[in-house]
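Novice: Once you've had a glance at the structure underneath, I'll fire off some questions.
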Amino acid sequence: MDVTDAPCAMMDRLPAGFLDCSADKLVDILPGPTLFDLPGRDPHPLFVSTLLHGNEYSGLDAMQQVLRRHAARGLPRSLLFFVGNIRAAAVNLRTLPDERDYNRVWPGTLFPGESQSGMAQWVYDYAARRGLFASVDIHNNTGFNPHYACVRRLEPRFIALARLFSRTVVHFQRPVGTQAAAFADLCPAITVECGKAGAGSATQHAIELVEAALSIAHLPDHAPAPHDVDLLRTYAIVKPPAGSTFSFDGSAADFMFRPDIDHLNFSELAPGASFGVARAGVRLDILPGDGDGSAPGEYFDYSGGNIRLMRSAIPAMLTVDPRAVQLDCLCYLMQRIGMDGERL
């Protein structure tokens, strides 16, 4: 392969030691973000991305096991395997302070023209020439969440791919610049959230998904039965305002969130559900989560200093990790929908 001018390392075989290398040691054997182009019996590749966040390594662990299993007899389907932020992985961080989030720089990004976006565009263009079968982006999260899949499009093949992982499927339009959103223009594409990094169930579930996607001949082009999928849509993104303080342990701050807030994830919360307490005059930022960018309206009431839901919602990605909140958000707020996209 001629990769002289590529902004991303390109390999058609695994380097020595890769299959036994932990995420924090990849900097010793890879030159940087790396795309592996590996042959299989079916020439239409599955694209798999891992380590877009350096501290979310279950995808890497899963892919190492999958590749080890197929080392002798070969892959049933060609594989484009992208290993992302190995510098952040070396220090077990989501993203380093001097760089963009690797899952916000893909085509459609708010940061076009930057070096990381150029790297992601190059990977995207390479994949686009290959006639992809499907795309899977594997992530972990820091709070208590069920394993679930995310799709950009409510199309049968996207839902069928997501169902290989979970019956819980989240339809999202924001944030922009994600790998799954970009690759949705090329093929059925999903992001999967495998729970906390280091959990054996996270790695095993990712293995099962990748093995299924490598082996399945086609994805059905008909809608699933309503009882076969739980569909939700992100309508709002909740963030503490820039410059505000927050805590989860009762320490004095602008927002003192309840210490078990991440146990609310994927619960159907009624109006009045408490998220914690707030100083007088401060409010959480409520950003649009839907595709049209319209203001989602207020979701919280702050009477008496309590942060309480004003309307029913289903939160996801609530965490008690302050750095995760600073780098991403406090949570996403969702509603149930049908295959037509209408709220239920």
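The values are calculated or read from the model by the stated rules, or taken from the named source; none is laboratory data. Here the structure is a predicted model, which is why all the values come from computation and not from measurement. Positions of Cβ are generated from backbone atoms using ideal geometry, with glycine treated the same way; all protein chains shown enter the neighbour counts.
Novice: Here is a list: Arg41, Arg68. Which entry is in contact with a strand residue (DSSP E or B) (Cβ under 7 Å, 6 or more places away or on another chain), basic (Lys, Arg) and free of Cβ contacts under 8 Å to residues at least 60 places away in the same chain? Write out each step before concluding.
Specialist: Values: Arg68 fails: in contact with a strand residue (DSSP E or B) (Cβ under 7 Å, 6 or more places away or on another chain).
Selected residue: Arg41, the only one of Arg41, Arg68 that is in contact with a strand residue (DSSP E or B) (Cβ under 7 Å, 6 or more places away or on another chain), basic (Lys, Arg) and free of Cβ contacts under 8 Å to residues at least 60 places away in the same chain.
Novice: Inside segment 44-93, can you point out the residues that are farther than 15 Å from Thr191 by Cβ, within 18 Å of the chain's Cα centre (by Cα) and part of a loop (DSSP other than H, G, I, E, B)?
Specialist: Matches in segment 44-93: Gly54, Asn55, Tyr57, Asn85, Asn92, Leu93.
Novice: Now, a different point. Residue check: is Ala280 more than 19 Å from Phe172 (Cβ to Cβ), in contact with a helix residue (DSSP H, G or I) (Cβ under 9 Å, 6 or more places away or on another chain) and without any contact (Cβ under 8 Å) to a residue 40 or more places away in the chain?
Specialist: Yes, satisfied.
Novice: Further, regarding this structure: Any chance segment 302-311 includes a residue that's within 30 Å of Leu51 (Cα to Cα) and either in a loop (DSSP other than H, G, I, E, B) or out of contact with any strand residue (DSSP E or B) (no Cβ under 7 Å at 6 or more places or on another chain) (or both)?
Specialist: No, segment 302-311 contains no residue that is within 30 Å of Leu51 (Cα to Cα) and either in a loop (DSSP other than H, G, I, E, B) or out of contact with any strand residue (DSSP E or B) (no Cβ under 7 Å at 6 or more places or on another chain) (or both).
Novice: Restricting attention to segment 313-325, does a residue exist that is farther than 28 Å from Asp230 by Cα, touching a residue at least 60 places away in the same chain (Cβ under 8 Å) and surrounded by 13 or more Cβ atoms within 10 Å (Cβ to Cβ)?
Specialist: Yes, that holds for at least one residue.
Novice: Hey, another quick one. Filter segment 290-306 down to residues that are surrounded by 13 or more Cβ atoms within 10 Å (Cβ to Cβ), more than 16 Å from Ala270 (Cβ to Cβ) and either at pLDDT 70 or above or among the β-branched types (Val, Ile, Thr) (or both), then give me how many there are. It would help to see each step written out before you state the result.
Specialist: Residues of segment 290-306 surrounded by 13 or more Cβ atoms within 10 Å (Cβ to Cβ): 290-291, 296, 298-302, 306.
Subset that is more than 16 Å from Ala270 (Cβ to Cβ): 290-291, 296, 298, 302.
Still in the list and also either at pLDDT 70 or above or among the β-branched types (Val, Ile, Thr) (or both): 290, 296, 298, 302.
The qualifying residues number 4.
Novice: Then there's this: Would you please name the residue that is surrounded by the fewest Cβ atoms within 10 Å (Cβ to Cβ), looking only at residues in segment 6-25 that are in contact with a helix residue (DSSP H, G or I) (Cβ under 8 Å, 6 or more places away or on another chain), more than 24 Å from Asp125 (Cβ to Cβ) and of a type in the set (A, V, I, L, M, F, W, C)?
Specialist: The extreme case among them is Leu19.
Novice: Residues in segment 68-115 that are touching a Pro at 6+ places or on another chain (Cβ under 9 Å), under 25 Å from Ala213 (Cβ atoms) and among the small types (Gly, Ala, Ser): how many?
Specialist: 3
Novice: Filtering segment 208-267 down to residues that are among the aromatic types (Phe, Trp, Tyr) and modelled with pLDDT of 95 or more, which residue is nearest to the chain's Cα centre (by Cα)?
Specialist: Result: Phe266.
Novice: Something else: Please work out which one of (1) buried (at least 18 other Cβ atoms within 10 Å of the Cβ); (2) in contact with a strand residue (DSSP E or B) (Cβ under 7 Å, 6 or more places away or on another chain) is the condition Asp328 fails and give its number.
Specialist: Of everything listed in (1) buried (at least 18 other Cβ atoms within 10 Å of the Cβ); (2) in contact with a strand residue (DSSP E or B) (Cβ under 7 Å, 6 or more places away or on another chain), Asp328 misses just condition (2).
Novice: Is it true that Met63 is at pLDDT 95 or above and in contact with an Asp or Glu (Cβ under 8 Å, 6 or more places away or on another chain)?
Specialist: No, not satisfied.
Novice: Checking the condition touching a residue at least 12 places away in the same chain (Cβ under 8 Å) and in the same structural domain as Pro76 (by TED's automatic domain parsing), which residue from Phe172, Phe248 passes? Spell out the reasoning first.
Specialist: Details: Phe248 fails: in the same structural domain as Pro76 (by TED's automatic domain parsing).
After ruling out the rest, the residue left standing is Phe172.
Novice: Every residue in segment 184-200 that is small (Gly, Ala, Ser) and in contact (Cβ under 8 Å) with a residue 24 or more places away in the chain, please.
Specialist: Ala184, Ala189, Gly195, Ala197, Gly198, Ala199
Novice: For segment 104-154, give me each residue that is surrounded by fewer than 16 Cβ atoms within 10 Å (Cβ to Cβ) and in a helix (DSSP H, G or I).
Specialist: Scanning segment 104-154 gives Ser115, Gly118, Asp125, Ala128.
Novice: Among (1) in the same structural domain as Arg41 (by TED's automatic domain parsing); (2) surrounded by fewer than 15 Cβ atoms within 10 Å (Cβ to Cβ), which single condition is Leu209 missing?
Specialist: Going through the list (1) in the same structural domain as Arg41 (by TED's automatic domain parsing); (2) surrounded by fewer than 15 Cβ atoms within 10 Å (Cβ to Cβ), Leu209 breaks only (2).
Novice: Answer yes or no as to whether Arg104 is touching a Gly at 6+ places or on another chain (Cβ under 6 Å) and of a type in the set (D, E, K, R).
Specialist: In short, yes.
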